[in-house]
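Below: one structure, written as C-alpha cells.
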Amino acid sequence: MKRICFFFIVAASLLLNISYSFSINVTVTNTNDNGTGSLRDAINITNFSFGTFDTIKFNIPLSDLGYNAASGVWTIVPDSTLPVLWGGQTTIDGTTQTTNQGNTNLNGPEVAIDGSNTLDYGFTIVSAANQIKGLIIGQFNYGVVIDGSMAGDNAIVNNYIGVNYNGTSAWPNNYGIAIADSSVQNFIRNNIISGNIAEGIIINESDQNILTGNFIGTNASGTIAIANGDGILMNVARHTTIGGPFAMYRNIISGNLNSGIIINGSGTYHNLIVNNYIGTDVTGMFSIANYTGIMLKSQANGNYIGGNTSSYRNIISGNYEIGIYVESSDSNIIVGNFVGPDATGNGAIMNANGDSLCQGNGIEINTVSKYNTIGGYNAGEGNVISGNRVYGFIYYGNVSHNPLIGNYIGTNATGTAPLSNATGICVDGGSNHNLMANNLLSGNISYGIFIVTTGTGYNELKGNLIGTNAAGTDTIPNDIGLVIAGGTQHNVIGGNLATDRNIISGNRYDGIEIADQHTDSNSVIGNYIGTDINGTSRLGNSIGIGIATNPKHTLISGNVISGNKRMGMVLYEFADSNKIISNKIGTAVNGTSDLGNGSAGIAIAYGPKWNIVGEPGAGNIIAYNDSSGVLVADSASKYNKISANSMWGNFVLGIEIFPPLVNPNDAGDNDTGPNDMMNSPVITSSEYHSFGNYTVVRGTLDTHQPQLCTVELFKAAANLFNCGDGKTFLGFVIPDNAGNWCDTLTGVVNGDLITTTATDELMNTSEFSANKTTTMFVGIDESSLSRNSFDVYPNPFDNSFTIVYNIENPCNVEIMLFNMNGQYIATLENNMKKEGVQKAEIDMRDLVSGVYYVRAITGKTAVTRKIIKTN
C-alpha cells in the first residue's frame, strides 16, 4: 500500500491566516464531483475548521442526476481522489440522507461513492476522531484508508464496503479498509465489508484498533457469501480487538476465498479475537465457508483467541480446509472456542448437500511453532474441537512444547454424545515434546489419537479420557483409542502420578495399538485400559493393548488392563523385546476383584520374541481372564520370558503354551514349538521344617544345559488341571549340571501347593509344573553322613569358628545352630553348593558363652558337632 505524504498540505495551511471556528455542519446537496454542495467541497471546508467537531450531512434531492430510482441510491463518482481528511473531528454521515429524503433504499445506505474512475483511494483519514458513516463505498483500490500516527480514534460505521446497494452482490474495491502506519484506537463497527478483491480489512503496523459487529465476506443478512480475498489481514498489528463479549459486538467473518483472519509477521502480537462467527452464517448453524478460518504465521506470537466464558467463545466452524492454522508462531493462546460444532455445541456444520461434514480440520500447529496453548486447566478454557471432516487437532512440522489441555475432541460440548472427527488428534512430522493432558478424546470415527512417523517423539499423553464420556462412566467409542505407529519413539502414555492416568476404554477395537518397525521405546504407564474412571467397572475395549508388526522396547507398566471384551493384551507379528511389568490384567484396581478380560490376559502370536512379561519385584497380576493368563500360540513365537507374576482364577491355565492344555515334558527337551516347548520342572518334594519355619523344595529339570536355566517357585492357587496358577512368587533357583535343584522358602507351610516354571538362557519360559503339596519334614538319619565330611574348628572358640564340609553332589546344605537344649537358634548357611570342599568362617562374637550344637543337613541326612564358646 502506498504511504501518503501530507507534509505539503500541512505546510500550506500554515501559510494561510485561517482562524479557528466553531463546530460547523456542511450539507452535500448534489452528486457533482466538485463545486458548492459537492462532497469534495464539504471535505475541504471541514478540513479548515480546526479544533471543532464538524458534520458533513447529505440532503440530495430526488431530482439529482446521480439518483437511481430503481435502487433508491444517489451515487457520487469522483473524477479524482477526494480530499484527505486531515483536519480531524469530522463526521461524514450518510444516514442523514435517509433523514432528509426518506428511506429510499430499504436494504442499505442511500449514498454511494463510486471509484470506477480508476481511483486509488475512496476516503483517506490522517487525523483523529473522524467518522465515516452510512455510505456505500466501491470500485476503489482502497475503499477507506486510515493512515499515520495522527490518525487515531476514527470510526468507520454502518457502511457497505465492497457490496452493492442492497448487500446482495459484490461492488468490489481491491481493499475494503486499510489501517496503517502507527494509527491507533480506530473503530470499525457494524459494516458490511464484503466482495473486495484482496482484503476486506488490512491492518498494518497499527495498534489498539477495534472491529465489532461487522459482516466480513457475507451479504448484508449474513446468510450467503460475498467473498473478499481474505477477511482481515493483520501485519505487525498489536492489541487489536476483533469482536467483544456481547452479541452486538460479534463479527461474522465468513465466505472469504482464503482466510477469515490472517495474523501475520513478527511484531503482530497481543491481538484478541473473541465471540465471532468464523465460517458460519449469522445464526452459527450453517456453513458460509472461508478456506481457512484463522491463520497465524511468520512469528505472529502472543495472540489470544477465545476466552473462558461463553461470551468470549468464537464459533470457528464450517470452513473448507481448517478452523485455526498456526505456522512458525509461538506463545499464542486458543481457549474456549467451538472449532467444528455449530453455535449450540451439539451439532456439526454440514456441507450444502447435508451429506458431509464441512470443515476439513479443526486446529493445526505446524512448522516449528512452540509454546502455543490450546485449552487450559481452568473451567471454560477447553475448546470443543469436534465435527471436523478429517482431524480435530494436528501437530506437524517439528513443532514442540505446545500443550493441548482440557479440550473435548470428538464429542458435543457437554461430553455426553459423539460429534465425530475422523480422527481426534494427529501427532506427525517430527512433532516432539508436546503435552496432551486432561482432554476428552471420544466419539471419533477412526482414532482418538494417532502418533506417527520417524522423528516424532517424546510427546506425553496424560490424564485424558479416551473412548468414554466426560464423567468416565460410560462409553463414547472411537474405533481405536490410541495408535502409536510409523516409527515414532519415546512417547509417554500416562505416568507415575494418579493425575497422569489416562482412561482408555470403550473403544470398538483396540484401546491402544502400537505398530510398525522402528516404533520403539514408547511407554504406557499407570493407565486404566478397559475400565471406568474408578478402575472398578467394565468399559471394555475389544482388545486392551495390541502390539504388532515389529515395534520394540515398549514399556507397559503399572496399568490396569481389565474388562476388555477380548484379550487384555496381544503381542503379534514380530513384536520383539517389549517389557510388560507391574500391571493388573483382569482385576479391578484393588488387584483382587474380578474384572477379567473376555479371552486371554496376554496373547503372544505370529512371531514375537524376547518379550518380558513380569520380573522379580515387578510381576504382573494376571487373573480372572476367560481363557489363559498368558498364551504363547505358535512356533514362530519364542524366547518370551514370563517371570514372577501372580496368576490365579484364569479359566484355563496361567501359562498356556500351544497346543492347548497341559503339555507333557519330553525326554531331553528336544521338541520345538512356541517358546521352544520348554519343559516344565518336576517338583520331587516340598517339605516344611517346623523347627526353622521354612520349607525345602527339591526337583529336577530335564533340558539342555539346565545350569543356564532359572527355576521360579510359586505358591499355587488350585485349579482344575493341578498345574499352576502361580499366585505368589517365592523366588528362583539355578539347577546344577544334572538338572537337580532345590530351594529353601519362607512363608510356605504344611499343606501349601507349590508350582514352578523354567526359563532357559534364550528366555523361553515353560508352562507351570504340576502342583506339589507341601508335607511335614521328618526322619533325619544322623549316621548317614561321614564324620569326615563335616567339621568345625577351633573348638572351643572365642569370637568365630570355621566350618568345613565335603559332601558329594550336594543339592542344598543347611547348617544350623542349636543351644544345649536342642532349641533352634539360627541358620548359618543355606545356599546352593557346587561339588567339592566348602569352607566358611562364622562370626559368633555376640553369642553368650556355653555349649552349642552345629548341625549340617542335606536331604534327609544330617551330622551334628558339639561346640563350646569360651567368652
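Values quoted throughout were computed directly from the atomic coordinates according to the rules given, and no laboratory measurement underlies them. Please read these numbers as outputs of a predicted model, since none were measured by experiment. Methodologically, a virtual Cβ is constructed for each residue, glycine included, from the backbone with ideal geometry; neighbour enumeration extends over all protein chains shown.
Calculate the translational D of region 45-169 in whole µm² s⁻¹ from Stokes-Einstein, where the hydrodynamic radius comes from the Kirkwood formula applied to all Cα pairs, the temperature is 37 °C and the viscosity 0.692 mPa s. Don't skip to the end; give the middle numbers.
Working: Rh = 14.7 Å.
D, rounded to a whole number, is 223 µm²/s.
Each peptide in 237-244, 67-74 was scored by the mean count of other Cβ atoms within 10 Å over its residues; highest first, the order is 237-244, 67-74. The alpha carbons of region 680-776 stretch over 37, 30, 18 Å along the principal axes, in descending order. Partners of Lys839 within straight-line reach, counting aspartates and glutamates whose Cα lies under 12 Å from its Cα and excluding those fewer than 8 residues away in the same chain: Asp791, Glu829.
The 3J(HN,Hα) values that the Karplus relation (6.51, -1.76, 1.60; θ = phi - 60°) gives for region 862-871 are, in residue order, 8, 9, 10, 10, 7, 9, 10, 9, 8, 8 Hz. Gly and Pro appear as x.
Annotation: amide H-H contacts under 5 Å for Gly152 (H modelled 1.01 Å from N, sequence separation of 5 or more, or interchain): Ala128, Ala129, Val184. Listed cross-link partners Lys552/Lys727; Lys552/Lys579; Lys552/Lys609 are compared with a 20 Å cut-off, the Cα-Cα value being larger for Lys552/Lys727.
Residues in region 158-171 carry Karplus couplings, in order, of 6, 9, 9, 10, x, 10, 6, 4, 10, x, 10, 8, 6, 10 Hz; the curve used is 6.51 cos²θ - 1.76 cosθ + 1.60 with θ = phi - 60°, and Gly or Pro positions show x.
Normalised by the number of residues in region 31-176, the average gap of Cα pairs under 8 Å and 6 or more apart makes the relative contact order 21 percent.
A simple spin-label model places the labels of Tyr824 and Ala738 2.7 nm from each other, with each point 7 Å out along Cα-to-Cβ. Computed over region 454-565, the convex hull of the alpha-carbon atoms projects to a mean area of 5.9 nm².
Any chance you could run the full-extension gain for Asp666 through Glu761? It's 0.36 nm times the residue separation minus the Cα-Cα distance, nm to one decimal. The partial results should precede the final answer.
Numbers: separation 95, 0.36 × 95 = 34.20 nm, distance 1.86 nm.
Length gained between Asp666 and Glu761: 32.3 nm.
Proximity of backbone amide H atoms, modeled 1.01 Å from N, is registered between Thr90 and Asp54, Asn130, Gln131 at under 5 Å, excluding neighbours fewer than 5 places apart on the same chain. Take 393-400, 139-146, 224-231 and order them by the average number of nearby Cβ atoms within 10 Å per residue, most first; the result is 139-146, 224-231, 393-400. Each label was represented as a point 7 Å from its Cα along the Cα-to-Cβ direction; for Arg508 and His239 these points are 5.3 nm apart. Hydrodynamic estimate: the Kirkwood radius of region 610-661 over Cα pairs, inserted into Stokes-Einstein at 20 °C and 1.002 mPa s, corresponds to D of 190 µm²/s.
Of all DSSP beta bridges confined to the chain, the antiparallel ones make up roughly 30%.
Do you know the relative contact order of the chain, to the nearest whole percent, from alpha carbon pairs under 8 angstrom that are 6+ apart?
Details: 3154 pairs, mean separation 32.7, N = 871.
The normalised contact order for the chain reaches 4 percent.
Packing around the peptides 814-820, 597-603, taken as the average count of other Cβ atoms within 10 Å per residue, puts them in this order, highest first: 597-603, 814-820.
Test of understanding: what is the full-extension gain from Glu841 to Ala247, defined as 0.36 nm times their sequence separation minus their Cα-Cα distance?
Working: separation 594, 0.36 × 594 = 213.84 nm, distance 9.04 nm.
Separation in residues times 0.36 nm, less the Cα-Cα distance, equals 204.8 nm.
Segment Thr99..Thr536, full-extension length gain: 150.0 nm, with 0.36 nm per residue of separation and the alpha-carbon distance subtracted. For the chain, the dipole from Cβ point charges (+1 on Lys and Arg, -1 on Asp and Glu) about the Cα centre works out to 1140 debye, to the nearest 20.
Between Trp610 and His270, the modelled labels are 5.7 nm apart [label points 7 Å from Cα along Cα→Cβ]. Amide H contacts under 5 Å for Leu571: Ile547, Ala603, Ile604, Ala605, restricted to partners 5 or more places along the chain or on a different chain, H placed in the peptide plane at 1.01 Å from N. Computed over the chain, the per-residue total of -39500 (n - 2.57) for DSSP H runs of n ≥ 4 gives a 222 nm mean residue ellipticity of -1000 deg cm²/dmol, rounded to 500. Compactness of region 446-661 is given as radius of gyration and Dmax, 15.2, 44 Å, from Cα positions.
Relative to 2.2 N^0.38 Å, what does the C-alpha radius of gyration of the chain come to as a ratio? Two decimals please.
Working: Rg = 41.4 Å, N = 871, 2.2 N^0.38 = 28.8 Å.
Rounded to two decimals, the normalised Rg is 1.44.
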